[in-house]
Structure formats: C-alpha cells, structure tokens
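Structure first, then comments.
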C-alpha cells in the first residue's frame, strides 16, 4: 500500500485556506450539498420557497461554507440559531435573508439584529412591545417572524394568545410580520399529532390573513414533515438534516437517496506489533488474543469522537473495517489493524464516510451511542478543520 499524501497536499488539492498540522479533519462535499438541495426541490411545488437551516455550524458541517452554497443556489432564506451566527454569516459576506430561530432576549438584542439586517423571531406580547419601541426609536419599520407553539413545548406563542398578538400587529404600521411559523415535535414518528399541529397552525394563519388582512410567508415543514406530509409545505419549507444527506427517519427505505455531505478522516500516527495478551488504553478493557498490529490515531472525545464508541465502533483503513481497540482517550484512540495488509504510518483512516467498498454512516455511530444523527455531527469540535471539496 502506497503511503498517502501529506496534509499539506490534501489542503492544496482541496483549495482550503486554512493550514493545520494535526492529522484530523472533516471534508465537506459542496456538490453533494447542492445535489441534496435539488432533490428537496423535486418534492415541493415550484413556487414553494426553501429556508435552509444552517444553524449550529450547519449541524457541525461548517456553517459559513454551506451558507455560501445555499446563497449561490438561490434559497429564499437561511435559518440560524443565534445572533452570533447571523453576525458571523454577515461578516463572511452572506447577503441572503437570515432568520434567527432562537430567542434574542434580552430585548436590547433586537437592536443588534436590526443593525446586521437579521430577522428576529418573536413569541410574546412583551417581545412585540420591545420591537415596537425600537421601531419608534429608530423611526423605521422592522420585519420579523412570529412563531406559534402548536405542540413542541419549547418556545413560541401559545395558540390562545396568538390572536391578541396578531391583532396588535395588524394595527401597528411600524412593525411588519413577514413570516409566521411553527415546528413539529414528532413529524418523523406520529402523523396524527403532526396533523393536529398543522390544523392548529393553519387556523391561525387563516385568521391572520382573512380576518386581519396580513400578508406573510407561512412555514412549518422540517425535513421529516417535508418528505412525509405534503400538506405541511405551505409557502416555504425548512429542511435541515436532509440538506446534509442524513436521515430523519428510523427506516431508511422511507427516505429519498440523498448524499452524505460530511466525511471525517484522520491518519495513523503511531504503529506497532504487539504480542497476545497485550493491554490497550485506560482500564485495560482491550486485551489482544493474538499477535496484533495496533495503530494510534490523533482523534478523541475532545474532538467529538464519542467515548461510547470505545471497543464498539469501527473505522476504515485500506478499505476494511477495523475495530476501536480499548477506550477512546481525550486526544487519541487506538485501532486494531491486524487484518489489513501493508499498513503504513500516515495511512488515511475514515471515521465517517466511504473508503473502497465500505462505509461508516453517521446513523451507525448514533446507534452505538444511543442517540440521533444530529448529535453525532454537531458534537464534532469546531477546532477540527472543515475542508470544502
């Protein structure tokens, strides 16, 4: 097996601007991101808009790079979770509409949002009052979205208070509700409750439009709802997980063939042959039962490679699955590469992604950790470089 190129060569090949020396990185395939966006468009009406959810560093994928791709693709909106993310996107040159999904409390933060042309979400009469006061102070009309809590139980105006909020909005020309939305709690597993949430929301939308004459974009569909219930599409859909080629459903057959955008790679930095009975890592939980070849890779739980994968997860080396040997440590992990012929120092190791005919999926790691795909990718530390290919 020929030794792989150096990190520097990888960096040049992928035209990445950052320089790094630790042999651990994430690759983000922007062509797969664009492919997924096109597949999503096939499932919605031609006039239905898309809000690309690129919050929390694009679910760990690298927010700025994928926000730029979404902007190039002409999406109507980009959604983020915080003011900090929105400001970061603006400073990176993102000019698309940006909605802050999260709460901007304290109310002074509304002024920060307006200063950076970020669209806030409001949930209560107090939010609306603060926005009205700011509009008077700045002597300008301020755009916002109103979120309705139809059953998520997190944030949002309660349905019983929404009518009063909307009536006040309708009679104040200084504030402009350009969007109203809700969020589904069980769109992936419970179609009955999802329909109940949709029914509550559409009644409020109808009241706002028919009784009050308000004009705005209504949106509700996350990835699961988008693919499972076309009636949730409304004026705009909000794909998140599906943009990254990940599956919001437990049963893969229900989901279209999207392409995973993220691969996580590292390299062998230490390699040695050991005898039978050799103990590996903390707690001596892995003991070789034969003469073995153990490799060390520079990735650990501080990088987001979960300790629960110890003695359970696999990686790919030379196109073959190799088990994690012993407990994953803070910055390193050991793997058993005995079954791979011709292993070299510097060989590429795939933690998530494809090598040869084998593949390690995010779903696989999530199952071992008894969690969801979202957490696996979001947990990859920001200090792990993201290389756009």
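The values are calculated or read from the model by the stated rules, or taken from the named source; none is laboratory data. Keep in mind it's a predicted model, so treat the numbers as computed, not measured. Here the Cβ is made from the backbone with ideal geometry for all residues, glycine too, and neighbour counts use every protein chain on show.
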Can you name the number of the only condition in (1) out of contact with any helix residue (DSSP H, G or I) (no Cβ under 9 Å at 6 or more places or on another chain); (2) outside any loop (DSSP other than H, G, I, E, B); (3) closer than 25 Å to residue 115 by Cα that residue 146 fails? (1)
Which one of 360, 324 is without any contact (Cβ under 8 Å) to a residue 24 or more places away in the chain and crowded, with 20+ Cβ neighbours inside 10 Å? 324
For residue 368, indicate whether it is closer than 20 Å to residue 246 by Cα, touching a helix residue (DSSP H, G or I) at 6+ places or on another chain (Cβ under 8 Å) and not in a helix (DSSP H, G or I). no
Please report, ordered by residue number, the strands (runs of 3 or more DSSP E) entirely within region 283-332 with at least 2 residues that are within 19 Å of residue 367 (Cα to Cα). 314-317, 320-323
Could you tell me which numbered condition residue 269 fails, if it satisfies all but one of (1) farther than 23 Å from residue 27 by Cβ; (2) surrounded by 14 or more Cβ atoms within 10 Å (Cβ to Cβ); (3) under 34 Å from the mean Cα position of the chain (by Cα)? (1)
Out of all the residues in region 192-229, which are farther than 24 Å from residue 144 by Cα and without any contact (Cβ under 8 Å) to a residue 24 or more places away in the chain? 192
Run down 214, 234, 198, 246 and say which single residue is modelled with pLDDT under 95, crowded, with 17+ Cβ neighbours inside 10 Å and not in a strand (DSSP E or B). 246
Could you say whether any residue in region 202-210 is closer than 25 Å to residue 40 by Cβ, in a helix (DSSP H, G or I), in contact with a strand residue (DSSP E or B) (Cβ under 7 Å, 6 or more places away or on another chain) and modelled with pLDDT of 95 or more? yes
Within 22 Å of residue 44 (Cβ to Cβ), in a helix (DSSP H, G or I), without any contact (Cβ under 8 Å) to a residue 60 or more places away in the chain and touching a strand residue (DSSP E or B) at 6+ places or on another chain (Cβ under 6 Å) - does that describe any residue in region 169-191? no
Among the residues that make up region 342-355, is at least one of them at pLDDT below 95 and either farther than 26 Å from residue 60 by Cβ or assigned to a helix (DSSP H, G or I) (or both)? yes
Suppose the filter is touching a residue at least 40 places away in the same chain (Cβ under 8 Å), surrounded by fewer than 21 Cβ atoms within 10 Å (Cβ to Cβ), within 18 Å of residue 172 (Cβ to Cβ) and touching a strand residue (DSSP E or B) at 6+ places or on another chain (Cβ under 6 Å); does residue 119 pass it? yes
Could you please give the count of residues in region 7-59 that are surrounded by 13 or more Cβ atoms within 10 Å (Cβ to Cβ), part of a loop (DSSP other than H, G, I, E, B) and at pLDDT below 95? 6
Among (1) assigned to a strand (DSSP E or B); (2) modelled with pLDDT under 95, there is one condition residue 271 misses while meeting the rest; what is its number? (2)
Answer yes or no as to whether residue 262 is under 30 Å from residue 334 (Cα atoms), at pLDDT below 95 and surrounded by 23 or more Cβ atoms within 10 Å (Cβ to Cβ). no
When you look at residue 185, is it on the phi < 0 side of the Ramachandran plot and either surrounded by 13 or more Cβ atoms within 10 Å (Cβ to Cβ) or at pLDDT below 95 (or both), yes or no? yes
